[in-house]
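Structure first, then comments.
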Amino acid sequence: WLLDDPTIIARVDHEYVEADLASVVSILVFVRYGKAQAVDEWLHVSLFAEIIGKWVSLIGHHPSAYSSLLTLLWGPGRLLAPEPAVSWLVDCSADRGSGRTPWESQDNAERTAEFLMRTWTTHESSIRADPDLLQEYARLIDALVAWGVPLARVLQVRLEGRG
(Lines give C-alpha, C1' and ligand atoms only; values in the text may rest on other atoms or scores of the structure.)
Protein backbone atom coordinates (compact mmCIF):
# COMPACT_ATOMS: atom_id res chain seq x y z
CA TRP A 1 0.00 0.00 0.00
CA LEU A 2 2.88 2.34 0.67
CA LEU A 3 4.11 2.10 -2.90
CA ASP A 4 0.65 3.10 -4.11
CA ASP A 5 0.72 6.35 -2.13
CA PRO A 6 1.29 9.25 -4.59
CA THR A 7 2.70 11.38 -1.75
CA ILE A 8 5.65 9.01 -1.34
CA ILE A 9 6.40 8.97 -5.05
CA ALA A 10 6.23 12.77 -5.34
CA ARG A 11 8.55 13.22 -2.36
CA VAL A 12 11.10 10.75 -3.67
CA ASP A 13 11.32 12.70 -6.92
CA HIS A 14 12.93 15.59 -5.04
CA GLU A 15 16.69 15.87 -4.73
CA TYR A 16 16.55 15.69 -0.93
CA VAL A 17 14.52 12.99 0.81
CA GLU A 18 13.66 13.42 4.47
CA ALA A 19 15.43 10.99 6.81
CA ASP A 20 12.21 9.24 7.87
CA LEU A 21 11.10 8.68 4.29
CA ALA A 22 14.57 7.51 3.28
CA SER A 23 14.44 4.97 6.12
CA VAL A 24 11.06 3.67 4.98
CA VAL A 25 12.21 3.44 1.37
CA SER A 26 15.29 1.43 2.33
CA ILE A 27 13.40 -0.87 4.69
CA LEU A 28 11.13 -1.83 1.78
CA VAL A 29 14.16 -3.54 0.22
CA PHE A 30 15.29 -4.98 3.54
CA VAL A 31 18.08 -2.47 4.17
CA ARG A 32 18.46 -0.49 7.36
CA TYR A 33 21.26 1.91 8.29
CA GLY A 34 23.01 0.99 5.05
CA LYS A 35 23.17 -2.73 5.84
CA ALA A 36 21.11 -5.62 4.49
CA GLN A 37 18.79 -6.92 7.19
CA ALA A 38 18.50 -10.44 5.82
CA VAL A 39 21.14 -13.11 6.07
CA ASP A 40 23.50 -13.55 3.14
CA GLU A 41 21.93 -16.83 2.08
CA TRP A 42 18.28 -15.77 2.00
CA LEU A 43 16.75 -18.38 -0.27
CA HIS A 44 13.30 -16.78 -0.15
CA VAL A 45 14.32 -13.39 -1.57
CA SER A 46 12.81 -14.32 -4.94
CA LEU A 47 9.37 -14.36 -3.29
CA PHE A 48 9.73 -10.60 -2.95
CA ALA A 49 10.89 -9.94 -6.53
CA GLU A 50 7.54 -8.52 -7.63
CA ILE A 51 7.32 -5.98 -4.81
CA ILE A 52 11.00 -5.07 -5.23
CA GLY A 53 10.34 -4.60 -8.95
CA LYS A 54 7.52 -2.18 -8.17
CA TRP A 55 9.82 -0.37 -5.72
CA VAL A 56 12.46 -0.13 -8.44
CA SER A 57 10.10 1.39 -11.01
CA LEU A 58 8.70 3.96 -8.57
CA ILE A 59 11.59 4.86 -6.27
CA GLY A 60 14.79 3.17 -7.42
CA HIS A 61 15.99 6.10 -9.53
CA HIS A 62 16.70 8.26 -6.47
CA PRO A 63 20.41 8.01 -5.51
CA SER A 64 19.82 7.06 -1.86
CA ALA A 65 17.15 4.52 -2.76
CA TYR A 66 19.37 3.10 -5.49
CA SER A 67 22.14 2.70 -2.94
CA SER A 68 19.79 0.55 -0.84
CA LEU A 69 18.99 -1.59 -3.87
CA LEU A 70 22.70 -2.16 -4.47
CA THR A 71 23.11 -3.15 -0.82
CA LEU A 72 20.31 -5.71 -1.18
CA LEU A 73 21.72 -7.07 -4.45
CA TRP A 74 25.23 -7.32 -3.05
CA GLY A 75 23.97 -9.36 -0.08
CA PRO A 76 20.88 -11.56 0.02
CA GLY A 77 19.59 -10.24 -3.30
CA ARG A 78 22.48 -11.79 -5.21
CA LEU A 79 20.15 -14.70 -5.89
CA LEU A 80 18.20 -12.29 -8.10
CA ALA A 81 21.16 -11.98 -10.48
CA PRO A 82 21.49 -11.88 -13.34
CA GLU A 83 17.74 -11.40 -13.76
CA PRO A 84 15.79 -9.50 -12.65
CA ALA A 85 18.68 -7.55 -11.06
CA VAL A 86 20.21 -6.32 -14.33
CA SER A 87 16.81 -5.17 -15.62
CA TRP A 88 16.22 -3.33 -12.35
CA LEU A 89 19.54 -1.50 -12.66
CA VAL A 90 18.66 -0.52 -16.22
CA ASP A 91 15.24 0.72 -15.07
CA CYS A 92 16.75 2.75 -12.23
CA SER A 93 19.31 4.39 -14.49
CA ALA A 94 16.87 5.23 -17.30
CA ASP A 95 16.60 8.91 -18.18
CA ARG A 96 13.48 10.27 -16.50
CA GLY A 97 13.95 13.76 -17.88
CA SER A 98 15.26 15.19 -14.62
CA GLY A 99 18.90 15.26 -15.73
CA ARG A 100 19.74 13.23 -12.63
CA THR A 101 21.10 9.73 -12.35
CA PRO A 102 21.24 7.37 -9.38
CA TRP A 103 25.00 7.20 -9.93
CA GLU A 104 25.67 10.77 -8.87
CA SER A 105 26.26 10.06 -5.19
CA GLN A 106 27.26 7.48 -2.59
CA ASP A 107 29.75 5.76 -4.93
CA ASN A 108 26.73 4.27 -6.69
CA ALA A 109 28.42 4.19 -10.10
CA GLU A 110 31.44 2.30 -8.80
CA ARG A 111 29.24 -0.02 -6.72
CA THR A 112 27.13 -0.75 -9.80
CA ALA A 113 30.25 -1.67 -11.77
CA GLU A 114 31.40 -3.93 -8.92
CA PHE A 115 28.02 -5.66 -8.88
CA LEU A 116 28.13 -6.09 -12.65
CA MET A 117 31.65 -7.52 -12.43
CA ARG A 118 30.54 -10.07 -9.85
CA THR A 119 27.47 -10.89 -11.93
CA TRP A 120 29.62 -11.36 -15.05
CA THR A 121 32.08 -13.58 -13.19
CA THR A 122 29.26 -15.76 -11.84
CA HIS A 123 26.78 -15.72 -14.73
CA GLU A 124 28.72 -14.99 -17.93
CA SER A 125 27.34 -17.97 -19.82
CA SER A 126 23.71 -17.22 -18.99
CA ILE A 127 24.18 -13.52 -19.85
CA ARG A 128 25.73 -14.40 -23.21
CA ALA A 129 22.96 -16.94 -23.88
CA ASP A 130 20.18 -14.36 -23.52
CA PRO A 131 20.36 -11.67 -26.24
CA ASP A 132 18.02 -9.26 -24.42
CA LEU A 133 19.89 -9.62 -21.14
CA LEU A 134 23.23 -9.22 -22.93
CA GLN A 135 21.99 -6.02 -24.56
CA GLU A 136 20.79 -4.60 -21.23
CA TYR A 137 24.06 -5.55 -19.56
CA ALA A 138 26.08 -3.92 -22.36
CA ARG A 139 23.99 -0.74 -22.18
CA LEU A 140 24.67 -0.44 -18.46
CA ILE A 141 28.38 -0.95 -18.98
CA ASP A 142 28.52 1.60 -21.79
CA ALA A 143 26.70 4.15 -19.63
CA LEU A 144 29.12 3.54 -16.76
CA VAL A 145 32.09 3.92 -19.13
CA ALA A 146 30.65 7.25 -20.29
CA TRP A 147 30.21 8.18 -16.61
CA GLY A 148 33.96 7.60 -16.16
CA VAL A 149 34.04 4.41 -14.07
CA PRO A 150 37.37 2.59 -14.69
CA LEU A 151 36.02 -0.85 -13.75
CA ALA A 152 33.30 -0.43 -16.37
CA ARG A 153 35.99 -0.14 -19.04
CA VAL A 154 37.46 -3.45 -17.85
CA LEU A 155 33.99 -4.99 -18.09
CA GLN A 156 33.56 -3.56 -21.57
CA VAL A 157 36.76 -5.25 -22.70
CA ARG A 158 35.61 -8.58 -21.22
CA LEU A 159 32.20 -8.24 -22.81
CA GLU A 160 33.82 -7.70 -26.19
CA GLY A 161 35.81 -10.88 -25.64
CA ARG A 162 39.17 -9.15 -25.56
CA GLY A 163 39.99 -9.83 -21.93
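The values are calculated or read from the model by the stated rules, or taken from the named source; none is laboratory data. The structure displayed is predicted, hence computed values, not measured ones. Cβ atoms come from the backbone with ideal geometry, glycine included; neighbour counts cover every protein chain shown. Calculation scope for accessible area: heavy atoms of the full protein, side chains included, ligands and nucleic acids excluded. Shrake-Rupley method; radii C 1.70, N 1.55, O 1.52, S 1.80 Å.
Structure notes:
- Taking Cβ atoms as reference points and 14 Å as the exclusive limit, the residues near A109 contribute a net charge of -2, counting Lys and Arg as +1 and Asp and Glu as -1.
- Seen from A129, the other residues with C-beta closer than 15 Å to its C-beta sum to a net charge of -4, counting Lys and Arg as +1 and Asp and Glu as -1.
- Mean accessible surface per residue for segment 96-163, computed with a 1.4 Å probe while every protein chain stays in place, in Å²: 54 Å²
- Placing unit charges on the Cβ atoms only, positive for Lys and Arg and negative for Asp and Glu, gives segment 37-163 a dipole magnitude near 180 debye about its Cα centre.
- Among the trypsin sites (Lys or Arg not before Pro) in segment 96-128, those placed in a DSSP loop whose Cβ has at most 15 other Cβ atoms within 10 Å are R96, R100.
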